[in-house]
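Participant: Input: one structure, supplied below.
Quick note: the coordinates plus some simple rules give every number you see, no bench work behind them. Here the structure is a predicted model, which is why all the values come from computation and not from measurement. Every residue, glycine among them, receives a Cβ derived from its backbone with ideal geometry; neighbour counts consider all protein chains shown.
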Amino acid sequence: MRKRTKVGKCKLCLETKELNFEHIPPRSAFNKETKYYILEQTEYYKKAKEYTFENLKPKTRKEQGGIGEYSFCIDCNGYLGSKYVRTYKDFAHIAMNIIQSNDKNIKAFQFDISDINLLKFLKQITAIFIASNNFVFTECYPELLEFVKNEKLMELSEKYRFYMYLNNEGQNRNGTIHYTNLHGAICEFTFSPFGFVLSLDNPNQLMKLTEITSFKDYDKNKEMKNSMIILNKYPTYYPFPMDYRSEKELKGST
Ligand SMILES: [Zn+2]
């Protein structure tokens, strides 16, 4: 495999070093041969309907080989790879299997996650949000860096709340921070089979989604066997955060 590196500032250790091309999500979680376009955000917002349903093709060239960025240095990349990536991959494969082996009209699934190390999973999700945003993000929210860098750390301020859903329909969402009038500051990352929302400084629970903030207590609770999770499955056709309207709903409206 061709090694792709360049020199820059690492988003995790904040040192200037040789950076690896980081697959977001991990390569092993269905992101090996992803083909995609990079679209300028404002353009995509303005023409969401044309791009989604009317076959408007981006002028940018088609990229391939998996979605990602030069976010982390070789050391940090190796650290994430050895600590968290396998857990994410395993969970992604379970979820994908459940979605694909059931009727596509089913809107929610309950399944067993006893074998998943949920603390590691949450740290991998946090790493995804760090990789997806620019440096101002972790200047504002530095606890997220500590949470990822220290694999044992279970403490994370209450102001960070994580949510999750299943997805296999629509477009990816890239995890960058949005300031919304309904939910305050949120980051949303969607790449089938998962969608994740990180809610910042919002004391209210986001009702449509399954909250997974308590995954950080996994090490305290892991004796509890047979942990089950219920996740809704949502389509993500438009690039707007927490817009889960179906194709039918969107095509019906103008
Ligand atoms: Zn680094």
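Participant: If amide hydrogens are placed 1.01 Å from N in the peptide plane, which non-local residues have theirs closer than 5 Å to the one on residue 236?
Facilitator: HN-HN under 5 Å from residue 236: 169, 170, 171.
Participant: So, one more: My understanding is that a pair violates if its Cα-Cα distance is over 23 Å; which of 6/216; 9/47; 32/83; 11/220; 57/251; 57/89 do that in this structure?
Facilitator: Table pairs above 23 Å Cα-Cα are 6/216; 9/47; 11/220; 57/89.
Participant: With the alpha-carbon atoms as the only input, what is the per residue convex hull volume for the chain in Å³? Can you show the working numbers first?
Facilitator: Values: hull volume 35.3 nm³, N = 254.
Spelled out: Cα convex hull of the chain, divided by residues, is 139 Å³.
Participant: To continue, here is another question. Counting helices only, and only those DSSP H runs with n ≥ 4, report the 222 nm mean residue ellipticity of the chain as the sum of -39,500 (n - 2.57) divided by its residues, in deg cm²/dmol to the nearest 500.
Facilitator: One gets -8000 deg cm²/dmol as the mean residue ellipticity at 222 nm.
Participant: First measure r as the distance between the Cβ atoms of residue 13 and residue 94, then evaluate 1/(1 + (r/R0)^6) with R0 = 45 Å and state the FRET efficiency to the nearest 0.05.
Facilitator: Calculated transfer efficiency: 0.90.
Participant: Now, a different point. Can you list residues from other chains, or at least 5 along the same chain, whose modelled amide H is less than 5 Å from the amide H of residue 72?
Facilitator: Amide H neighbours of residue 72, under 5 Å, 5+ apart: 11, 20, 22.
Participant: Which of the trypsin sites (Lys or Arg not before Pro) across the stretch 85-140 are loop residues per DSSP, with 12 or fewer other Cβ within 10 Å?
Facilitator: Passing sites in the stretch 85-140 are 104, 107.
Participant: If the cut-off is 12 Å between C-alpha atoms, which aspartates and glutamates fall inside it for residue 59, apart from same-chain ones fewer than 8 positions away?
Facilitator: 40, 43
Participant: Let me ask something else. Please list, in order along the stretch 234-241, the HN-Hα scalar couplings obtained from phi with the Karplus expression 6.51 cos²θ - 1.76 cosθ + 1.60 (θ = phi - 60°), rounded to whole Hz, x for Gly and Pro.
Facilitator: 10, x, 9, 7, 9, x, 7, x
Participant: Using a Förster radius of 25 Å, what is the FRET efficiency between residue 227 and residue 86 based on their Cβ-Cβ separation? Nearest 0.05, please. Don't skip to the answer; put the middle values down first.
Facilitator: Details: r = 19 Å, r/R0 = 0.75.
The value I calculate is 0.85.
Participant: Taking the Cα centre as origin and putting +1 on Lys and Arg beta-carbons and -1 on Asp and Glu beta-carbons, what dipole magnitude results for the stretch 182-238, to the nearest 20 debye?
Facilitator: Value, rounded to 20: 200 debye.
Participant: Another one. With both partners inside the chain, how many of the DSSP beta bridges are antiparallel, as a percent to the nearest 5?
Facilitator: Numbers: 38 of 40 bridges.
Close to 95 percent.
Participant: Just tell me which aspartates and glutamates come within less than 15 Å, Cα to Cα, of residue 152; anything on the same chain fewer than 8 places away is out.
Facilitator: Of all the aspartates and glutamates, those that pass the test against residue 152 - Cα under 15 Å, at least 8 places apart if same chain - are 143, 217, 219.
Participant: Taking 7 Å along the Cα-to-C-beta vector as the label spot, tell me the residue 33-residue 159 distance in nanometres, rounded to one decimal.
Facilitator: Taking the simple label geometry, residue 33 and residue 159 are separated by 4.5 nm.
Participant: Sticking with this structure for a sec: Using the Cα centre of the stretch 86-225 as the reference point, and only Cβ charges (+1 on K/R, -1 on D/E), how large is the resulting charge dipole? Debye, rounded to the nearest 20. Could you put the intermediate results ahead of the total?
Facilitator: Working: 16 positive and 17 negative charges, 46 e Å.
That gives a dipole near 220 debye.
Participant: Would you please put 189-198, 91-100 in order of how densely packed they are, using the mean number of other Cβ atoms within 10 angstrom per residue and starting with the highest?
Facilitator: With the highest mean Cβ count within 10 Å placed first, the list reads 189-198, 91-100.
Participant: Please report, in debye to the nearest 20, how large the charge dipole of the chain is about its Cα centre when each Lys and Arg carries +1 at its beta carbon and each Asp and Glu carries -1 there. Could you put the intermediate results ahead of the total?
Facilitator: On the way: 38 positive and 31 negative charges, 165 e Å.
Result for the chain is approximately 800 debye, rounded to the nearest 20.
Participant: Quick one: Karplus J couplings for the stretch 64-70, per residue in order, coefficients 6.51, -1.76, 1.60, θ = phi - 60°, nearest Hz, x for Gly and Pro?
Facilitator: Along the stretch 64-70, the couplings run 8, x, x, 6, x, 8, 7 Hz.
Participant: Can you list the HN-Hα couplings for the stretch 109-123, worked out from phi with the Karplus curve (6.51, -1.76, 1.60; θ = phi - 60°), rounded to whole Hz and with x for Gly and Pro?
Facilitator: So the Karplus estimates, Gly and Pro as x, are 10, 10, 8, 7, 10, 4, 8, 9, 7, 5, 5, 4, 4, 5, 5 Hz.
Participant: What residues have an amide H closer than 5 Å to that of residue 210, excluding those fewer than 5 places away on the same chain, when H is modeled at 1.01 Å from N in the peptide plane?
Facilitator: Counting only residues 5 or more places away or on other chains, the set is 164, 232.
Participant: Please sort 70-83, 48-61, 160-173 by packing, taking for each peptide the average over its residues of neighbouring beta carbons within 10 angstrom, highest first.
Facilitator: 160-173, 70-83, 48-61
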